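Report on one structure; see the data block that follows.
The values are calculated or read from the model by the stated rules, or taken from the named source; none is laboratory data. Here the structure is a predicted model, which is why all the values come from computation and not from measurement. Here the Cβ is made from the backbone with ideal geometry for all residues, glycine too, and neighbour counts use every protein chain on show. Areas reflect the complete protein model, heavy atoms only, side chains present, ligands, DNA and RNA absent. Shrake-Rupley method; radii C 1.70, N 1.55, O 1.52, S 1.80 Å.
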Amino acid sequence: MAVQKFSQSLQDFQFECIGDAETDDEINIAQSLKEFARLLIAVEEERRRLDGKKKFDKESEKYYSILEKHLNLSAKKKESHLQDADTQIDREHQNFYEASLEYVFKIQEVQEKKKFEFVEPLLAFLQGLFTFYHEGYELAQEFAPYKQQLQFNLQNTRNNFESTRQEVERLMQRMKSANQDYRPPSQWTMEGYLYVQEKRPLGFTWVKHYCTYDKGTKTFTMSIAETKSGGKVNGLVTSSPEIFKLKSCIRRKTDSIDKRFCFDIEVFERPGIITLQAFSESNRKLWLEAMDGKEPVRIFVILFYFYSFMTLFLNEAGFNFVRKCIYAVETRGITILGLYRIGGVNSKVQKLMNTIFSPKSPPDMDIDMELWDNKTITSGLKNYLRCLSEPLMTFKLHKDFIVAVKSDDQNYRVEAVHALVHKLPEKNREMLDILIKHLVKVSLHSQQNLMTVSNLGVIFGPTLMRAQEETVAAMMNIKFQNIVVEILIEHYEKV
């Protein structure tokens with residue numbers, strides 16, 4: 001009775017918790033206590049079943065004991081005494097009979113219940129086990145496409161990482177090996193920091209200025225760079241610039257001044273000469289050539305060379321070469337594993353380029369299919385696009401393309417890329433159309449060549465796009481170049 005009472009109190013037990021909700025732990029503990037109460041009740045129910053056996057044993061012992069005494073009674077006893085003994089034995093026999101029936105009933109009940117009370121949980125267990133495995137199989141089947149897509153995306157991401165890392169490493173090496181005095185294009189013919197010699201009551205001092213020069217108008221400006229306490233220059237220009245019109249520029253001889261890298265300029269607005277100091281010899285040469293000094297002019301020769309190179313390539317011969325390469329790939333090698341990813345032998349590629357773009361070669365020169373293998377042709381196509389001094393998608397629109405694909409809105413990305421493509425020069429857009437149409441066909445055979453849209457983006461992103469200035473920011477944006485190409489391929493018809 002005590003156990004039953006205790007189990008009932010466990011059933012009724014309720015946790016008091018802070019707040020209007022219980023934690024998972026509190027809920028689980030309360031459920032465990034109720035389960036414990038149910039277990040105690042079940043045990044007591046089994047104990048009650050055992051009471052029938054005890055009662056039978058007790059009545060049996062009592063009955064046989066009285067029966068034995070009754071049989072040992074002497075026949076000489078008084079009739080009344082014998083009648084009382086018979087009555088008592090009949091009563092005990094009745095009790096024994098009832099206890100026997102109850103005991104047999106309990107035995108029959110237990111034996112029959114065993115047939116289902118044992119088998120039912122076993123069946124439920126097996127059913128649960130089979131259900132678990134069946135549901136697991138069904139879930140595995142449903143999960144399979146997602147798993148395959150995830151593996152596919154992971155591989156693409158790994159390939160993208162490898163390609164981006166190689167591209168960034170290449171860009172980093174180029175930046176390391178580049179001339180430190182490289183000057184990115186700007187609106188000025190020349191700009192940068194110069195030290196200007198200024199007279200003081202006790203001699204001369206050199207003050208850092210930020211200077212610009214426009215060759216067309218011969219306008220030279222200089223602004224004092226702000227200096228922090230302690231003499232450290234933070235590079236900020238706060239003063240109004242002084243504007244002069246250049247009269248002449250002369251390199252300063254080393255033996256005429258104790259400072260290196262100096263040159264003198266004359267201006268109309270100020271009498272005398274202004275002595276300036278550059279950061280290095282090469283930096284001084286850039287200033288001198290910009291101001292028509294005595295140093296040979298080299299930067300414009302380089303720019304002219306690039307310009308003529310681009311004009312030479314983005315012409316009939318270039319279009320013919322691209323079309324012939326694409327035809328060769330589509331007719332004999334579009335299913336080749338690693339198409340465009342595996343490069344050809346450099347010497348063969350260079351020989352192909354020299355053959356096609358030789359000044360003596362006709363613009364519509366054919367590509368000998370038997371002479372040039374597929375890897376050489378695909379590498380030649382990529383090499384052609386990389387060799388343009390300005391990438392096919394232009395320096396001007398580079399930042400706009402990057403900003404467009406950084407948006408979280410997929411529809412906006414496509415619309416923005418679409419609009420920007422139609423801002424490209426006509427020849428660039430025509431060449432891009434030819435190439436992307438081909439890459440769409442390549443991607444349709446990705447089951448054989450493994451060149452998915454993502455993989456093609458990795459390969460042609462840096463080929464079709466590059467920043468005008470090779471900076472750290474440009475390195476960080478390489479992966480977005482790939483996304484631009486992916487959008488062009490996936491949404492070719494719309495774009």
* Quick one: count up the residues across segment 274-329 that are modelled with pLDDT of 90 or more and in the same structural domain as Ser358 (by the TED database). => 11
* State whether one or more residues within segment 125-142 are of a type in the set (Phe, Trp, Tyr) and under 30 Å from Gln481 (Cα atoms). => no
* **Cβ pairs under 6 Å, 6+ apart, first in segment 340-353 and within 18 Å of Asp366 (Cβ to Cβ), second in a loop (DSSP other than H, G, I, E, B) and modelled with pLDDT of 90 or more** => Leu352/Trp372
* Would you please name the residue that is modelled with the highest pLDDT, looking only at residues in segment 450-472 that are surrounded by fewer than 17 Cβ atoms within 10 Å (Cβ to Cβ) and over 19 Å from Glu162 (Cα atoms)? => Gln468
* Given the structure, is Lys479 under 25 Å from Asn315 (Cβ atoms), among the basic types (Lys, Arg) and open to solvent by 40 Å² or more (accessible area, probe 1.4 Å)? -> no
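Here is a yes/no grid of residues against (1) within 25 Å of Ser7 (Cα to Cα); (2) open to solvent by 70 Å² or more (accessible area, probe 1.4 Å):
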{"site": "Glu46", "(1), (2)": "yes, yes"}
{"site": "Lys62", "(1), (2)": "no, yes"}
{"site": "Lys78", "(1), (2)": "no, yes"}
{"site": "Glu92", "(1), (2)": "no, no"}
{"site": "Gln111", "(1), (2)": "no, yes"}
{"site": "Leu122", "(1), (2)": "no, yes"}
* With the condition kept exactly as written, say whether any residue in segment 24-45 is over 60 Å from the mean Cα position of the chain (by Cα) and either modelled with pLDDT under 85 or hydrophobic (A, V, I, L, M, F, W, C) (or both). => yes
